[in-house]
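Here's the structure, in structure tokens; my notes come after.
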Amino acid sequence: MLPCPAGTYVAYPGAASLEECVECAKGTYSLGNASVCLSCPAGFACSASTKSECVPSTYSNASSVQCFACPAGRFCPGHGTHTPQPCEAGYFSSSGSAACSPCGEGSFSTGGAAECVMCEAGTFSLENSTSCVACPAGSYCVGGTPPVLCRENSYSSGGEEACTPCPNGTVASCGASSCVACPPGTLGNSTHGCSICAPGYYSGDGTPPCSPCEAGHACPTTSVMEACPAGYTAPSLSQSCTPCPAGYACPHADQPAAQVACTPGTYSVGAQAACTVCPAGYACPETDRDSRQACAYGSVAGEGQATCEACAAGTVFNASMLGIGTCSLCDEGHFCPNGSVTMQACPAGTFAAHRGAAVCQTCVQGAYSTGRASVCLPCEEGHACSDGSREACLPGTYAETAWAACRTCPAGSFCPASGTSEPLACTAGYWSGSGASYCVLCMAGSFSSRGAANCSACPHGWYSLDNATACIPCPPGSFCPDGWHSHPCLHLRCGSAFSQ
């Protein structure tokens, strides 16, 4: 009796031929003379007639006809591996690995990884890492590699794959997490750090470029620009302001050449934006110094006068409580010649109708004033007014209203007293010649009617008594030889002529 060959079996005894041997089923094997095929154990690969142990990096389960490559993320370390082992965190394996490989710098893995995961930007890892960590402040991490310190004048706040250059006006030391501002008066950049501004330039915050000092300003240091005070000037790029010279005003700090000369009556002692106006009551003869001189009594000066002056004609000096003199208009009825310190009353015969008279005017003919007059009065009756004076008419003269001269009383009238305003006619029986202050009675033998300039003699055969207004005829039997008999009845006598 022959044994069944390897790879076959016979399940019963007494088999008569090899044809009775049955081939082993897949995943089983026999080495010959077997009554049963054996199941291929895990870690081996079996054909019907062989059993081979799996080599490292392979494995098999029970009843396998072949060994399989160890799956990625696992490792099969020795012969006959039947269960692949997962890679630990920080390691990885590809398919068919006998051992896991550590993750390199810049990558990591958790357990059972077929490949390592690359670190995200701004993170890093060392070899065999189970995770990536953020790149520390002051450094940068490229491709997950270990941190590299930031160079000077650059920084990172952490978690960066590149350092950031410091902004203009700031600087940083090596490995800085932030930049600091350049001190005032300097400027900063990522190449040169902080450098001092040139004279006439400034920087307030370190930001380049340095700014030029503006006209009208000074930069005494490179860290500040200051406006020139009033009365000072400066062109651009100045380190100091220049005071305006005495005698001039500098209204514009940014225009040094625009100096304005002080006019007479104003002055500047230097460093002034405007000339000082000489105050009222003072004279300022110099423009480059304070040469104020108080006006003497009787002279005045308004604001901005170089000299004191006497009051003009028509005005009079007045001193105030503060001692500052002013000129005011002369009152009515007064006159004020040039330089007057008191008003003078208009003398009799003159007048000043308005305020501010330099001289008084003479009254017109027929008018007069008694002094201190603002108007002339018309001459009253019985008076004559010539050259502003008034005089009463003398006896024998007269004047009506507003006459300039008295007139001689006409014949036949009389002006008996001073101030006669109208001639009085002589009554009948009286007469007067020109300029009479009284009338003369007609003597006996004459007569007159009212207003007679002379007496008329009685004609022959007539007579009159004194003060006769008419002659009386001689009665019969009498005669009047010359017309002058006052009592003819007493003197009757025969004459050479017969009475009629």
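The values are calculated or read from the model by the stated rules, or taken from the named source; none is laboratory data. Note that the structure is predicted; figures quoted are calculated from it, not measured. All Cβ positions, glycine included, derive from the backbone under ideal geometry; neighbour counts span all protein chains shown.
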Test: residue in the stretch 289-298 that is within 30 Å of GLU422 (Cα to Cα) and among the aromatic types (Phe, Trp, Tyr): no
Members of the stretch 230-245 found to be surrounded by fewer than 17 Cβ atoms within 10 Å (Cβ to Cβ) and touching a residue at least 24 places away in the same chain (Cβ under 8 Å), listed by number: ALA230, SER236, LEU237, GLN239, PRO243, PRO245
Scope the stretch 327-379; condition without any contact (Cβ under 8 Å) to a residue 40 or more places away in the chain and polar (S, T, N, Q); matching residues: SER328, ASN338, SER340, THR342, GLN344, THR350, GLN361, THR362, GLN365, SER369, THR370
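Condition check ((1) modelled with pLDDT under 95; (2) closer than 30 Å to CYS219 by Cβ; (3) in contact with a Gly (Cβ under 6 Å, 6 or more places away or on another chain); (4) not in a loop (DSSP other than H, G, I, E, B)) across all residues:
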| site | (1), (2), (3), (4) |
| --- | --- |
| THR263 | no, no, no, no |
| VAL269 | no, yes, no, no |
| PRO279 | yes, no, no, no |
| SER291 | yes, no, no, no |
| ALA296 | yes, no, no, no |
| PHE317 | yes, no, yes, yes |
| THR326 | yes, no, no, yes |
Test for LEU237: is it in a strand (DSSP E or B) and more than 22 Å from the chain's Cα centre (by Cα): no
Extreme residue, nearest to ALA215 (Cα to Cα), among residues of the stretch 241-259 that are hydrophobic (A, V, I, L, M, F, W, C) and within 21 Å of the chain's Cα centre (by Cα): ALA253
Single condition TRP403 does not satisfy, out of (1) part of a loop (DSSP other than H, G, I, E, B); (2) under 30 Å from HIS354 (Cα atoms); (3) touching a residue at least 40 places away in the same chain (Cβ under 8 Å): (3)
Options GLY265, GLY247: the member that is in contact with an Asp or Glu (Cβ under 7 Å, 6 or more places away or on another chain) and more than 20 Å from GLY200 (Cα to Cα): GLY247
Residue count, the stretch 418-453 (criterion: in contact (Cβ under 8 Å) with a residue 24 or more places away in the chain, under 23 Å from THR408 (Cα atoms) and in a loop (DSSP other than H, G, I, E, B)): 19
Residue ID - nearest to the chain's Cα centre (by Cα), chosen from residues in the stretch 348-361 that are surrounded by 17 or more Cβ atoms within 10 Å (Cβ to Cβ) and not aliphatic (A, V, I, L, M): GLY356
Looking only at the stretch 65-87, and only at residues there that are touching a Phe, Trp or Tyr at 6+ places or on another chain (Cβ under 7 Å) and within 23 Å of CYS37 (Cβ to Cβ), the one that is surrounded by the most Cβ atoms within 10 Å (Cβ to Cβ): CYS67
Test result for THR110, more than 27 Å from SER30 (Cβ to Cβ), surrounded by fewer than 20 Cβ atoms within 10 Å (Cβ to Cβ) and β-branched (Val, Ile, Thr): yes
Residue within the stretch 51-73 that is closer than 30 Å to SER154 by Cα and part of a loop (DSSP other than H, G, I, E, B) present: no
Of all residues in the stretch 454-500 being at pLDDT 50 or above and of a type in the set (D, E, K, R), the one that is farthest from GLY412 (Cα to Cα): ASP482
Filter result for GLU381 (under 30 Å from ALA352 (Cβ atoms), of a type in the set (D, E, K, R) and surrounded by fewer than 18 Cβ atoms within 10 Å (Cβ to Cβ)): yes
Pairs with Cβ under 8 Å, 6+ apart, first in the stretch 23-36 and acidic (Asp, Glu), second in a loop (DSSP other than H, G, I, E, B) and surrounded by 13 or more Cβ atoms within 10 Å (Cβ to Cβ): GLU23/GLY7; GLU23/ALA48
Identity of the residue in the stretch 387-445, closer than 30 Å to GLN361 by Cβ and of a type in the set (Asp, Glu), that ends up surrounded by the most Cβ atoms within 10 Å (Cβ to Cβ): GLU391
